[in-house]
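Right, one structure below, let's go through it.
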Amino acid sequence: MESNGYEFVPTAPKLRALLTLFLLNVNKPLSIGAMVKELWGVRPPVSAVNTLQTYVFQLRRWMAEVAGVEQGLIAKKILITDGEGYLFRLGQEMLDLQRFEDRARAGARELGLGNNAEAAALLRAALDLWRGSIALEFQPGQGIQARIVQLEENRLYVLEQRIDADLRLGRHRELVGELASLIVEHSLHESLHSKLMIAFHRCGRTADALNVFRDFRERIIQELGIEPSPEFQSLHQAVLSRSRLLDAPI
């Protein structure tokens, strides 16, 4: 959490895990059972429910100290008892995650409408909210792990959309370095390789585009035992024939 420009994080691992669980499920009710499973797995201690309630009390107290408000206000307005569980309530735009998702949705909408400059700006603004890969200083449960995987995949998808918008805007020369770096990190990601082939082709670097195809094909045959998709092979043929369909927009 952040207050007056300073970041605050609970020191106890279980409190960190609980806060992370709430932040990843803002404005969504969480049952006692789901939280117990997340914190202790499938074999929780007999005292798990009582311990969880203690953790919630401590988290409310910590949040009240950070925010400089009464603990009762936190219990009433933010970390709320909700039936047989809890609800972590925050307004829109209060979390980077919420801002990321809002800008990503808006960018995807503009991209679908063909408003490429607006889409690129919105998607770039969404991605700028990320500070790097998600790293946790505690052992997360399955729910947190699954949510983090989902967020990382969402980020990659938004990045692909932003690259698509930039390609439509004729920014292929600026994209070559970025895409070359991305395929090192995502060596089996066919879509990123496709985009790099297109960027190389538009830069007049046909040989480099064909090398991307060759290297990717060899890699997935060796590691996965499969051929590239028909779409990727069609792109290869289009590059070989120097199809005008791959030319940059004018």
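The values are calculated or read from the model by the stated rules, or taken from the named source; none is laboratory data. Owing to the predicted nature of the structure, the values given are computational and were not obtained by experimental measurement. We place every Cβ from the backbone using ideal geometry, glycine too, and count neighbours over all the protein chains shown. Please note that ligands, DNA and RNA were not included when accessible areas were found on the heavy atoms of the full protein model with its side chains. Shrake-Rupley method; radii C 1.70, N 1.55, O 1.52, S 1.80 Å.
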Next on the checklist: Anything in the range 100-111 that is aromatic (Phe, Trp, Tyr) and open to solvent by 30 Å² or more (accessible area, probe 1.4 Å)? List them, or say none.
Outcome noted: none
Item to check | Qualifying positions in the range 21-49 - in contact with a Phe, Trp or Tyr (Cβ under 9 Å, 6 or more places away or on another chain), open to solvent by less than 30 Å² (accessible area, probe 1.4 Å) and either outside any strand (DSSP E or B) or acidic (Asp, Glu) (or both) | outcome: Leu21, Phe22, Val26, Met35, Leu39, Ala48
Checklist entry - Can you pull out the residues in the range 65-99 that are farther than 30 Å from Arg124 by Cα, open to solvent by less than 60 Å² (accessible area, probe 1.4 Å) and either under 29 Å from the mean Cα position of the chain (by Cα) or β-branched (Val, Ile, Thr) (or both)? => result Val66, Ala67, Val69, Ile74, Ile78, Leu79, Ile80, Gly85, Tyr86, Leu87
Next on the checklist: Looking only at the range 211-233, how many residues end up being surrounded by fewer than 16 Cβ atoms within 10 Å (Cβ to Cβ), assigned to a helix (DSSP H, G or I) and either at pLDDT below 95 or touching a helix residue (DSSP H, G or I) at 6+ places or on another chain (Cβ under 8 Å) (or both)?
Outcome noted: 1
Item to check | Members of the range 9-20 that are in a helix (DSSP H, G or I) and open to solvent by 40 Å² or more (accessible area, probe 1.4 Å) | outcome: Pro13, Lys14, Arg16
Checklist entry - Hey, among Asp208, Asp166, which residue is outside any loop (DSSP other than H, G, I, E, B), in contact with a helix residue (DSSP H, G or I) (Cβ under 8 Å, 6 or more places away or on another chain), crowded, with 20+ Cβ neighbours inside 10 Å and of a type in the set (Asp, Glu)? => result Asp166
Next on the checklist: Can you report the number of residues in the range 79-121 which are among the aliphatic types (A, V, I, L, M) and touching a strand residue (DSSP E or B) at 6+ places or on another chain (Cβ under 8 Å)?
Outcome noted: 3
Checklist entry - In the range 50-64, what count of residues is obtained for those that are open to solvent by less than 70 Å² (accessible area, probe 1.4 Å) and either of a type outside the set (S, T, N, Q) or more than 13 Å from Lys14 (Cα to Cα) (or both)? => result 8
Checklist entry - Considering Ala106, Ala48, which residue is at pLDDT 90 or above and closer than 30 Å to Leu169 by Cα? => result Ala106
Checklist entry - If you go through the range 206-232, how many residues are touching a residue at least 24 places away in the same chain (Cβ under 8 Å) and either out of contact with any Leu (no Cβ under 9 Å at 6 or more places or on another chain) or not small (Gly, Ala, Ser) (or both)? => result 13
Item to check | Test: residue in the range 173-188 that is out of contact with any helix residue (DSSP H, G or I) (no Cβ under 9 Å at 6 or more places or on another chain), surrounded by fewer than 17 Cβ atoms within 10 Å (Cβ to Cβ) and aliphatic (A, V, I, L, M) | outcome: yes
Checklist entry - For the range 64-161, which helices (runs of 4 or more DSSP H) that fit wholly inside it have 1 or more residues that are charged (D, E, K, R) and within 28 Å of Glu38 (Cα to Cα)? => result 71-77, 96-112
